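The values are calculated or read from the model by the stated rules, or taken from the named source; none is laboratory data. Because the structure is predicted, anything quoted here is derived from the model rather than measured. When we count neighbours, we look across all protein chains shown, and the Cβ atoms used for this are built from the backbone with ideal geometry, even at glycine.
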Amino acid sequence: MAAQHQPSSHPRSQGLRTDLDFSTDQLTALLELTEQVKQSRQRFASSLKGRYVALLFEKPSLRTRMTFELAIKQLGGDCVTQIGLIAEREPLADVARNLARWTDLIVARTFAQETVDELARWSGLPVINALSDLYHPCQALADVFTLKEHFGRLRGLKLAYVGDGNNVAHSLMLCCARLGMTVSVATPKGYGPNAEIVAKAREFGPIELTNDPAAAVKGAHAIYTDVWASMGQESEAEERKRVFGPYQVNEAFLAQARPDAIFMHCLPAKRGQEVTDAVVESAQSVVFDQAENRLHVQKAALLTLLQ
């Protein structure tokens, strides 16, 4: 009986718990596979036939849930979805070991990164982090793919991230730096990204930190922002509006970047706060390209982990 309390004895499969779970070579290969998947849905229509994925959501979702469910089904597989706190009714280890008996892969959108890690530890299955408070690797993959589509390259580009040093900023730094890009992150004092993640990203490429948004966007090919108060930070929303006001991306702010610069946002956007309606709807905005590309990069990730 004691064995029942041990992590799964399944062979440990690679997952995407953090951005660094994929090597730089694997990251490059995934982007190439994404391009193939996007060009031909029919070619991959039965690639995951007979494979089943568990989708677990502790946070509300539109893009993540829709794109993962569609990705799995369009690849010929199927999925089951559960919404609510993953370990609310029983221990997380028990949830993970049950899923290991039924499914081939777990996708988890959680609060704590530890939930993602423990699901992988106890299930032995590949686990894809569909967002945690620390990382958002699927979003960063869609973002770099969108940049490559738009500019025809990644090496030598500069991305300016303006706003809260959150999970999106973390994943962008880790992903972009490995692909030859410069990332400049501008945040108010006290709202910068995690120092350990910054240090890790700097092992791969140039990461600039500043409290001056104008300095960050100078020479930038892309300006990226996100909501000022993420899910779970609602009590801070009013204070954050005051602190982050100078970091709003408006038309005058966008004009400080390169003439060919694009605007990026992971959505949903709080128009009139971190970005104006005019910028979201401008010709420079690629926010809906990013949203579409979530579907394609997640297909590529599923194929990489399950084939």
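Per this entry, Ala291 is not counted among residues that are surrounded by fewer than 23 Cβ atoms within 10 Å (Cβ to Cβ), farther than 29 Å from Ser40 by Cα and modelled with pLDDT of 95 or more.
What residue, among those in region 255-283 that are among the hydrophobic types (A, V, I, L, M, F, W, C) and part of a loop (DSSP other than H, G, I, E, B), is surrounded by the fewest Cβ atoms within 10 Å (Cβ to Cβ)?
If we filter region 255-283 for residues that are among the hydrophobic types (A, V, I, L, M, F, W, C), which is where we start, we get 255, 257, 261-264, 266-267, 269, 275, 278-280, 283.
Remaining after also requiring part of a loop (DSSP other than H, G, I, E, B): 255, 257, 261, 266-267, 269, 283.
On the way: Ala255: 11, Ala257: 23, Ala261: 20, Cys266: 26, Leu267: 16, Ala269: 20, Ala283: 7.
Taking the candidates together, the pick is Ala283.
For region 107-125, a tally of residues being farther than 15 Å from Leu55 by Cα and either part of a loop (DSSP other than H, G, I, E, B) or among the aliphatic types (A, V, I, L, M) (or both) returns 2. When the residues of region 136-165 are filtered to those that are touching an Asp or Glu at 6+ places or on another chain (Cβ under 6 Å) and not small (Gly, Ala, Ser), the one that is farthest from His265 (Cα to Cα) is Pro137. Identify all residues within region 240-254 that are exposed (fewer than 12 other Cβ atoms within 10 Å of the Cβ) and aliphatic (A, V, I, L, M); write none if there are none. Once the filter is applied, which keeps residues that are exposed (fewer than 12 other Cβ atoms within 10 Å of the Cβ) and aliphatic (A, V, I, L, M), region 240-254 yields only Ala252.
For residues in region 84-105 being aliphatic (A, V, I, L, M) and in contact with a Leu (Cβ under 8 Å, 6 or more places away or on another chain), which is modelled with the lowest pLDDT?
Once the filter is applied, the top-ranked residue is Ile86.
Once region 43-75 is narrowed to residues that are of a type in the set (Phe, Trp, Tyr) and closer than 20 Å to Leu33 by Cβ, the residue that is surrounded by the most Cβ atoms within 10 Å (Cβ to Cβ) is Phe68.
When we screen Ser171, Ser184 for residues that are in contact with a Lys or Arg (Cβ under 9 Å, 6 or more places away or on another chain) and small (Gly, Ala, Ser), the only hit is Ser184. The set of residues from region 123-161 being over 20 Å from Ser184 (Cβ atoms), hydrophobic (A, V, I, L, M, F, W, C) and over 16 Å from the mean Cα position of the chain (by Cα) comprises just one member, Leu125. Name the single residue, out of those in region 213-240 being in a helix (DSSP H, G or I) and closer than 13 Å to Tyr191 by Cβ, that is modelled with the lowest pLDDT. Ranking the qualifying residues of region 213-240, first place goes to Glu236. Are any of the residues in region 57-78 in a helix (DSSP H, G or I) and among the small types (Gly, Ala, Ser)? Yes, because at least one residue in region 57-78 is in a helix (DSSP H, G or I) and among the small types (Gly, Ala, Ser). The condition of being over 19 Å from Pro137 (Cβ atoms) and free of Cβ contacts under 8 Å to residues at least 40 places away in the same chain does not hold for Glu274.
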